[in-house]
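S.K.: Below is a structure I'd like to ask you about.
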Amino acid sequence: MKGKGALWLWVGVLAVFLAGGAFVGYKLWKRQKNRAEAQRWEVTRVFTLTRELNGSQLEEYLANENEKLDRYEVLRPVIDDLDLVAFWGVADADAALVMLKDSAEFRVGNEPNTILFAVSDKDKEMAGRLGQAIGRSYEALLLRDRLRLPPPPPAGFGE
């Protein structure tokens with residue numbers, strides 16, 4: 001009886017060891033899979049500011065530029081040009097617009113008087129294409145804003 005009990009004890013220890021190893025292997029596999037899905041490729045472009053801005057001015061400037069970047073007239077042409085609804089597999093253009101707003105931003109640069117334009121995506125090639133398309137659309141918006149004539153003064157203003 002003593003030999004059979006020791007044998008069953010070793011079989012039990014081996015079964016627990018195998019089950020524990022399988023569980024740890026499964027958890028590591030899930031972790032690696034989640035990390036691969038969460039990995040995003042980022043494309044950045046550095047811009048030098050024409051004038052020096054302190055901390056609060058820089059934050060206000062970045063907030064203003066990010067608002068311009070998130071405008072419908074900047075991002076919607078990118079969605080149509082790159083067919084992001086089909087590429088990302090989302091329901092409609094509004095869902096793609098939300099995802100696109102999350103993937104592009106202006107940030108503080110590493111060097112003084114610089115800002116970064118950063119675009120990220122899970123697909124490396126798409127990140128580059130997004131960066132180019134958003135950059136072109138954003139620059140077109142800035143050009144339209146510069147060329148827009150100021151409104152005429154109210155009647156009787158110059159008299």
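The values are calculated or read from the model by the stated rules, or taken from the named source; none is laboratory data. Computed from a predicted model, the values in this text were never measured in an experiment. Cβ: placed from backbone, ideal geometry, glycine included. Neighbour counts: every protein chain shown. Keep in mind that these areas ignore ligands, DNA and RNA; they rest on the heavy atoms of the full protein, side chains included. Shrake-Rupley method; radii C 1.70, N 1.55, O 1.52, S 1.80 Å.
S.K.: Of all residues in segment 62-73, which are in contact (Cβ under 8 Å) with a residue 40 or more places away in the chain, outside any loop (DSSP other than H, G, I, E, B) and open to solvent by 30 Å² or more (accessible area, probe 1.4 Å)?
M.R.: ASN66, LYS68, GLU73
S.K.: Next question. Out of all the residues in segment 129-152, is one or more crowded, with 17+ Cβ neighbours inside 10 Å and either farther than 24 Å from TRP41 by Cβ or without any contact (Cβ under 8 Å) to a residue 12 or more places away in the chain (or both)?
M.R.: No, segment 129-152 has no match at all.
S.K.: To continue, here is another question. Of these, THR44, THR48, which one is at pLDDT below 90, surrounded by fewer than 11 Cβ atoms within 10 Å (Cβ to Cβ) and under 20 Å from GLY135 (Cα atoms)?
M.R.: THR48
S.K.: Could you tell me which numbered condition GLN39 fails, if it satisfies all but one of (1) under 22 Å from ASP102 (Cβ atoms); (2) in contact with a strand residue (DSSP E or B) (Cβ under 7 Å, 6 or more places away or on another chain)?
M.R.: The single condition GLN39 does not satisfy is (2).
S.K.: Which of (1) open to solvent by 20 Å² or more (accessible area, probe 1.4 Å); (2) out of contact with any helix residue (DSSP H, G or I) (no Cβ under 8 Å at 6 or more places or on another chain); (3) over 20 Å from GLN39 (Cβ atoms); (4) at pLDDT 90 or above does LEU116 not meet, given it meets every other one?
M.R.: (3)
S.K.: Do the conditions hold for ALA15, that is, is it more than 39 Å from the chain's Cα centre (by Cα), at pLDDT 90 or above, open to solvent by less than 100 Å² (accessible area, probe 1.4 Å) and over 29 Å from GLN132 (Cα atoms)?
M.R.: yes
S.K.: Quick check on ALA140: is it part of a helix (DSSP H, G or I) and out of contact with any strand residue (DSSP E or B) (no Cβ under 9 Å at 6 or more places or on another chain)?
M.R.: Judged against the criteria, ALA140 is a match.
S.K.: Hey, another quick one. Return a yes/no flag: does segment 124-137 have any residue that is charged (D, E, K, R), under 20 Å from the mean Cα position of the chain (by Cα) and at pLDDT below 90.
M.R.: yes
S.K.: From LEU28, LEU53, grab the single residue that is out of contact with any Lys or Arg (no Cβ under 9 Å at 6 or more places or on another chain), at pLDDT below 90 and not in a helix (DSSP H, G or I).
M.R.: Answer to the check: LEU53.
S.K.: If you go through segment 74-107 one residue at a time, how many are open to solvent by 80 Å² or more (accessible area, probe 1.4 Å), touching a helix residue (DSSP H, G or I) at 6+ places or on another chain (Cβ under 9 Å) and either outside any helix (DSSP H, G or I) or under 16 Å from GLU139 (Cβ atoms) (or both)?
M.R.: 2
S.K.: Would segment 80-94 turn up any residue that is touching a residue at least 40 places away in the same chain (Cβ under 8 Å), within 26 Å of GLN39 (Cα to Cα) and under 18 Å from the mean Cα position of the chain (by Cα)?
M.R.: yes
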